[in-house]
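Below is one structure, written out as structure tokens; comments come after it.
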Amino acid sequence: MIDKPILFNMTDAELEQFIVSIGQPKFRAKQVAEWLSRGAPNFSVMKNLPENLRNDLDNLARTMPCTIIKKLESTDGQTTKFLLELNDGNQIETVLMRTSYGNSVCVSSQAGCAMGCKFCASTLLGLKRNLTQNEMFSQVLTAQWELRGDKDNKNIKPNGDPNNNDVSHVVIMGTGEPLQNTQNTIGFMEKLHSDLGIGWRKITVSTCGIVTGIRELTDWGHPINLAISLHAPTDELRSKLMPINNKYKISEVLEAAFDFVSKNNRQLMIEYILLAGTNDSVENAQELSNLLQNKNCMVNLIPWNSVTERDFKSPSGNSVHRFQDILIKNGIHTRIRRERGQDIGSACGQLRLNQKS
Ligand code: SF4
């Protein structure tokens, strides 16, 4: 646990006061703020500050709300996973994915999770607490720094060229249920839009189906992408896999979600993890087709990525394609999404869990 003030969390006036309080001229505060806005992980990178000031700051404060304690690179060279520590010692995970359409960051919204989904490692240690807006934003800046280091980004458009070194997409799909932390999640998305220029359509919120939270997003009224973690086509099966289904039934969740996408002119994303022998049968595919037929949605089929702490099996390639074929025959847009970076424990919560054990 690191108990030092975090400069990123200070207002401009507070930062100036802090800098003056350690005997430095006011203009140093602006220089520090510029580094913080780029996600500077420590003070030693702030090369336009005198060395003695960098050392003093290092003794007195931290730059960002998140500190990297482990960084793993996948063998495909496209995925980087960070284990980050917060000021109170809690740990969270963030994943940077370099894709053909740009650089995407998967952000955690809580330390741990209370939702208890049976296939998920993130929930095994329970919920520790909600993350603040700055703790979520700092995850994106950590990825941005990874991409660009100390290079200035003033003249580069954030969302244009997929080869450029900026974060272009953000998915709130890491550890935690963002709609149990709705106000901070909304504040975070507003900051992504205003401070980094990330378009609403390049931001995705993924929920296990908190209907009240989906309604809050609808009232908020911005055209982000909404993804529902469905993972089962019937209430009976879904309640076994996801305890939240005892509170909000599939029909209520889908009603709220389709209302959101129709008001914001988006397509609903349905996430469906395929668990061999549990939810990947021909009958399950037909039931899912019946549920989604003629609806404005895209189904992402995600073959189960083995987590040692969870007792499910990965589906065979044949059964994945059979499931997809049935959906497609029923006119449902469907694609298979392979988990990236499996060699670095990309399943949500694995890295944090392994660190604790
Ligand atoms: S899948 Fe998401 S909502 Fe479910 S327990 Fe894991 S982190 Fe929580």
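Values quoted throughout were computed directly from the atomic coordinates according to the rules given, and no laboratory measurement underlies them. Just so it is clear, the model here is predicted, and its values are computed rather than measured. Cβ atoms come from the backbone with ideal geometry, glycine included; neighbour counts cover every protein chain shown.
Here are a few things to note about the model shown:
- For the stretch 7-60, average projected area of the Cα convex hull in nm²: 3.3 nm²
- Relative contact order (%) - the stretch 7-60, alpha-carbon pairs under 8 angstrom, separation at least six: 27 percent
- For the stretch 189-328, averaging the sequence separation of C-alpha pairs within contact (under 8 Å, six or more residues apart) and dividing by the residue count gives a relative contact order of 22 percent.
- The mean sequence separation of alpha-carbon pairs under 8 Å and at least six residues apart, normalised by the residue count of the chain, gives a relative contact order of 15 percent.
- Relative compactness, the stretch 201-323, computed as alpha-carbon Rg over 2.2 N^0.38 Å: 1.07
- Qualifying chymotrypsin sites (Phe, Trp or Tyr not before Pro) in the stretch 23-95, DSSP loop, other Cβ atoms within 10 Å at most 12: none
- Degrees between helix 133-148 axis and first principal axis of the chain (Cα, 0 to 90, nearest 10): 80 degrees
- Charge tally for Gly213 (other residues, Cβ to Cβ under 15 Å; Lys, Arg +1; Asp, Glu -1): -4.
- Cut-off of 10 Å, at most 16 other beta carbons, DSSP loop: longest stretch of the chain lacking such GluC sites (Glu not before Pro): 1-308
- P(r) weight above 16 Å for the stretch 249-314, C-alpha pairs, percent: 55 percent
- Computed extension gain for Asp311 through His193, at 0.36 nm per residue and net of the alpha carbon distance, reaches 38.5 nm.
- Of the two radii for the chain, the radius of gyration is 1.00 times the Kirkwood radius, both from the alpha carbons; that is the Rg over Rh value.
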